[in-house]
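So the structure is just underneath, and the comments pick up after that.
The values are calculated or read from the model by the stated rules, or taken from the named source; none is laboratory data. Just so you know, these numbers come straight off a predicted model, no measurement behind them. Neighbour counts run over all protein chains shown; Cβ positions are idealised from the backbone, glycine included. Remember, those area values only see protein heavy atoms, side chains included, never the ligands or the DNA or RNA. Shrake-Rupley method; radii C 1.70, N 1.55, O 1.52, S 1.80 Å.
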Amino acid sequence: MIYRSFAGTNDSLSVIGFGASPLGNVFGETSRSMDDALVAHALACGINFFDVSPYYGLGLAEERLGAALAHRRQEAFLATKCGRYGADNFDFSAATIVRRLEESLQRLQTDYVDLLQAHDIEFGNMDQILHETLPALAALKKQGKCRYIGITGFWPGLLSRVADDFQLDAVLNYCHANLFVNDMDRELIPLCSQRGIAAINASPLHMGLLGDGPVADWHPAPAIVREKAAEVVALCRRHGVPPGTLAVWKCLQHPTIVSTLVGLSNIAQIDTTCRALEFQPSPELLSAVEAILAPVLNMRWPQGRIENQDASFLETPAEVNA
Ligand code: NAD
């Protein structure tokens, strides 16, 4: 495993992080009886960064991760979130965040988390996020309920603006630094480097499009993106390369992203994910994959309040209807 410093601190995060949304069954049913073995295997592979949310399975993912980490809490850098509690259930008020964090801590069987993040801020009112939510997170940090604070979301432009206005330790952006979309580098990563903020990447498989299971029925990507992803999966298989390995390898090439979170459902996925650390794709495979994805490169989809969506997206309406 390779480790990188978290926001210039003495905390070192594994460059591959364990995304625990599958423990909330968000991509389909996963085996609860395997949780201990799954987490033990991840730790044995050197993965020390675990990310979850009360949203994933409405508390189920936190409960399962908490049980599996119960005796190994000190080995983990544990992140959870606040503000999103259901597909359409958002509450970024200070009172709710304080109350809901207590519930998260109970489920996680711990009295603090390493990182507390405002979850999917594009669904919130930015005035409230800046003047109520983030100050509440900073107060929780002072009280020792969390060691670091951050924000997560889909739009790198929005995340940059908020990170520019409020002192944060980490920013998590998903589906914007992988084989499909590469605009996390446009302004967010430079800002993070400048400010000493940990940049966290999530969804290297574009939320399962390059995974080994069926694509989730809620997947928001335009049909053309899903079709091209299926072509990439078929091509990789012909080359004897697990698509998940290639997808994670691509993310690991980034020089400053602290960690890439992969949604891990079983032990085989941990192994094919970690293979990315030593993997080198043939130039032929890489250029064939890039050629398949070229027509859909940087194609995004509507997410969150319209006023929070990045201007670069709103200015290309064809994308919305793709
Ligand atoms: P992902 O791209 O990591 O895809 C996960 C899916 O791919 C799952 O169905 C899994 O079974 C499958 N998979 C994973 N590794 C595989 C492998 N090696 N081979 C084959 N299939 C594999 O998407 P994700 O789960 O959305 O993102 C990872 C994590 O990032 C999440 O679990 C979560 O912790 C975090 N995340 C956070 C936010 C947010 O805060 N807004 C959004 C997205 C993701």
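Write down the percent of antiparallel bridges among all DSSP beta bridges whose residues are both part of the chain, to the nearest 5.
15
Where does the Debye-calculated log10 I(q)/I(0) of region 6-79 sit at q = 0.12 Å⁻¹, using only Cα point scatterers of equal weight, no solvent?
Debye output, listed in q order: -0.30.
Rounded, prolate or oblate: which one fits region 224-322, using the alpha carbon gyration tensor with axes a ≥ b ≥ c (rounded when a/c is under 1.5, else prolate when a/b beats b/c, else oblate)?
In terms of gyration-tensor shape, prolate.
Which of the three applies to region 173-239, rounded, prolate or oblate, going by the alpha-carbon gyration tensor with a ≥ b ≥ c and a/c under 1.5 meaning rounded?
In terms of gyration-tensor shape, prolate.
Mean-square fluctuation check for the chain, GNM, Cα pairs under 10 Å: which of LEU205, LEU137, LEU105 is largest?
Maximum among the listed residues: LEU105.
If the chain between LEU130 and ASP271 were fully stretched, how many nm would it gain, using 0.36 nm times the residue separation less the Cα-Cα distance?
46.8 nm
Taking LYS228 as the anchor, which aspartates and glutamates have their alpha carbon closer than 14 Å to its alpha carbon, excluding any fewer than eight residues away along the same chain?
Within the straight-line cut-off, LYS228 pairs with GLU290.
Around ASP51, with a cut-off of 12 angstrom between Cβ atoms, what is the net charge of the other residues, counting Lys and Arg +1 and Asp and Glu -1?
-1
In the chain, carbon and sulfur make up what percent of the accessible area (probe 1.4 Å)?
C and S atoms contribute 51 percent here.
Hey, rough spin-label estimate for SER93 and LEU297, points 7 angstrom out along Cα→Cβ, what's it come to in nanometres?
4.7
Among ALA221, ALA95, ALA67, which one shows the highest mean-square fluctuation when the chain is modelled as a Gaussian network with alpha-carbon springs under 10 Å?
Largest GNM mean-square fluctuation: ALA95.
Which of rounded, prolate, oblate describes region 81-204, given a ≥ b ≥ c as roots of the alpha-carbon gyration tensor eigenvalues and a/c under 1.5 marking rounded, otherwise prolate only if a/b is larger than b/c?
prolate
Select from ASP127, ASP91, ASP114 the residue whose mean-square fluctuation is largest in a Gaussian network model of the chain (Cα-Cα springs shorter than 10 Å).
ASP127
Limiting things to C-alpha atoms, what are the Rg and the maximum Cα-Cα separation (Dmax) for the chain, in angstroms?
Both quantities, over Cα of the chain: 18.4, 55 Å.
Please give the per residue accessible area of region 135-207, computed with a probe of 1.4 Å over protein heavy atoms only, in Å².
32
Determine, from the Cβ-Cβ distance of GLN106 and GLN143 and an R0 of 22 Å, the FRET efficiency 1/(1 + (r/R0)^6), rounded to the nearest 0.05.
0.85
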